[in-house]
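> A single structure is presented below for examination.
The values are calculated or read from the model by the stated rules, or taken from the named source; none is laboratory data. These figures come from a predicted structure and were not determined experimentally. Reconstructed Cβ throughout: ideal geometry from the backbone, glycine too, with neighbour counts over all protein chains shown.
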Amino acid sequence: MEKIIVRGGNQLNGTVSVEGAKNAVLPVITASILASEGESKITDVPVLADVYTINEVLRNLNADVSFENNTINVNASNTLKTEAPFEYVRKMRASVLVLGPLLARYGHANVAMPGGCAIGSRPIDLHLKGFEAMGASVHVGNGFVEVEADGRLQGAKIYLDMPSVGATENIMMAATLAEGKTILENCAKEPEIVDLANFLNKMGAKIVGAGTETIKIEGVDKLHGAEHAIIPDRIEAGTFMVAAAITGGNVLIENAVSEHLRSVISKLEEMGVTVIEEGSGLRVIGPDRLMSTDIKTLPHPGFPTDMQSQMMSLMLNAYGTSVITETVFENRFMHVEEFRRMNAKMKIEGRSVIIEGPCDLQGAEVAATDLRAGAALILVGLSAEGFTRVTELKHLDRGYVNLSGKLAALGADIERVDENGDPVNPHIPETNRDRESVIAELS
Ligand SMILES: CC(=O)N[C@H]1[C@@H](OP(=O)(O)OP(=O)(O)OC[C@H]2O[C@@H](n3ccc(=O)[nH]c3=O)[C@H](O)[C@@H]2O)O[C@H](CO)[C@@H](O)[C@@H]1O
Ligand SMILES: C=C(OP(=O)(O)O)C(=O)O
């Protein structure tokens with residue numbers, strides 16, 4: 001099993017480039033199977049374990065998928081199967097995003113229930129309620145959810161009880177091929193929703209309002225393949241912003257979109273960090289002394305839950321008491337125990353964590369409990385005394401391309417090694433390194 005070894009103390013300086021967004025590319029790939037004719041070309045695709053997984057899901061459904069040079073081509077004009085087995089959904093919850101496209105195109109989908117994960121229970125009831133409102137019947141049993149429509153889905157007025165990202169995406173995709181108009185209210189406003197709507201519109205869909213509370217979708221008879229470049233990953237950008245800040249460094253983060261990062265920038269500035277728009281990115285300069293602050297995670301444009309653990313790393317280094325309140329997922333504090341192994345002083349009270357900083361952080365052997373926790377532990381390692389060894393990198397590889405290599409290029413003392421202690425190539429996720437597609441990509 002591989003691990004990342006970090007020795008804290010180095011200041012980060014230089015330029016780093018952000019990849020395409022994981023949370024945008026996954027729904028865009030699933031949307032491509034709505035096209036009954038033509039091929040889709042998706043560019044700026046990050047080389048992540050989750051991307052390989054979703055590609056496998058599509059191939060298993062009988063779509064033709066190739067992945068080379070950060071570009072995915074999908075041809076879904078074959079007749080597709082309508083079942084996605086547990087082995088994929090278990091690896092990655094976003095596999096449930098094939099439900100909407102398959103239901104819309106074939107009137108049927110049968111997908112393994114995703115179940116919970118390390119950050120919470122994560123039900124899909126809102127996705128299913130939306131499909132039901134469009135005339136589908138839903139059957140849950142034997143670990144699968146089966147949705148079926150008698151003929152075409154019908155446009156409907158749907159109010160989401162909470163602005164779920166996945167439910168907004170699944171229902172929006174289903175509505176593109178429904179008969180009539182769908183009005184989706186209280187929907188998620190994340191930049192990734194806008195990216196998906198832009199791709200769907202290029203495929204021939206008629207969607208307006210993505211990025212606002214109400215999305216209107218006029219159903220069309222069919223969709224075709226389209227070309228689309230994925231937006232930059234705001235969470236990867238935010239992670240590098242914290243890396244610069246935590247080391248008192250000066251880093252230009254290319255492709256970071258300030259509009260997508262308002263809440264993160266605002267909190268960093270409160271902590272004394274300087275953030276400057278420069279060219280097509282953001283320059284982040286860490287202060288001599290970080291100040292404490294409070295954060296509450298919320299749906300976009302509120303503070304993103306996917307940046308919560310990384311900000312916690314920064315707060316451990318800040319002077320004063322900081323409070324983080326997690327309102328999106330009920331159990332996203334698994335990393336706290338690992339931070340404590342590094343001498344972090346913090347306590348959990350209900351849905352909040354109280355941090356007394358600055359802590360005298362010390363390197364230790366720690367395990368990533370989810371993907372952002374993996375990044376956060378590396379960030380703490382950058383500011384701790386001595387060596388930190390981070391294991392369970394399968395989580396990290398779901399969402400970060402070569403994080404250790406990129407940090408090393410900025411001056412961090414960090415390397416990724418195999419079980420013998422030999423350095424490994426971190427450009428490709430560990431679980432995908434021996435795949436034929438990867439070998440082709442490297443040759
Ligand atoms: C692949 C992807 O894009 N993942 C992101 C997506 O996950 P995901 O789409 O799963 O997140 P949601 O926005 O759906 O979940 C937010 C909250 O709503 C609840 N909920 C959701 C659906 C539902 O039917 N019923 C229900 O109760 C969830 O349990 C959670 O408490 O948005 C999350 C919130 O920004 C991010 O952390 C994830 O990185
Ligand atoms: C929670 C995350 O992703 P997912 O929804 O794919 O588990 C994340 O990206 O931090």
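> Kindly establish whether residue 202 is within 24 Å of residue 61 (Cα to Cα), more than 15 Å from ligand 2 (Cβ to nearest atom) and surrounded by fewer than 16 Cβ atoms within 10 Å (Cβ to Cβ).
yes
> Please list, ordered by first then second residue, the pairs with beta carbon atoms under 8 Å, 6 or more apart or interchain, first in the stretch 72-93 and free of Cβ contacts under 8 Å to residues at least 60 places away in the same chain, second among the aromatic types (Phe, Trp, Tyr) and away from ligand 2 (no atom under 16 Å from the Cβ).
Listed pairs, sorted by first residue: 80/106; 82/106.
> In this structure, does residue 366 turn out to be more than 16 Å from ligand 1 (Cβ to nearest atom), at pLDDT 95 or above, more than 23 Å from residue 407 (Cα to Cα) and not basic (Lys, Arg)?
no
Yes or no, residue by residue, for (1) touching a residue at least 24 places away in the same chain (Cβ under 8 Å); (2) within 23 Å of residue 288 (Cβ to Cβ); (3) in contact with a Leu (Cβ under 6 Å, 6 or more places away or on another chain):
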site: 330; (1), (2), (3): yes, no, no
site: 333; (1), (2), (3): no, no, no
site: 347; (1), (2), (3): no, no, no
site: 357; (1), (2), (3): yes, yes, yes
site: 366; (1), (2), (3): yes, no, yes
site: 369; (1), (2), (3): yes, no, no
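> If we scan the stretch 272-291, do we find a residue that is within 14 Å of ligand 1 (Cβ to nearest atom) and either at pLDDT 95 or above or assigned to a loop (DSSP other than H, G, I, E, B) (or both)?
No, the stretch 272-291 has no match at all.
> Within the group 338, 330, 326, which residue is more than 16 Å from ligand 1 (Cβ to nearest atom), within 27 Å of residue 298 (Cβ to Cβ) and in contact with a Ser or Thr (Cβ under 8 Å, 6 or more places away or on another chain)?
Matching residue, one of 338, 330, 326: 338.
> Among (1) touching a helix residue (DSSP H, G or I) at 6+ places or on another chain (Cβ under 8 Å); (2) under 18 Å from residue 165 (Cα atoms); (3) without any contact (Cβ under 8 Å) to a residue 40 or more places away in the chain, there is one condition residue 265 misses while meeting the rest; what is its number?
That leaves (2) as the condition not met.
> Applying the selection to the stretch 54-84, what residues are β-branched (Val, Ile, Thr), within 17 Å of residue 432 (Cα to Cα) and not in a helix (DSSP H, G or I)?
65, 71, 72, listed by residue number.
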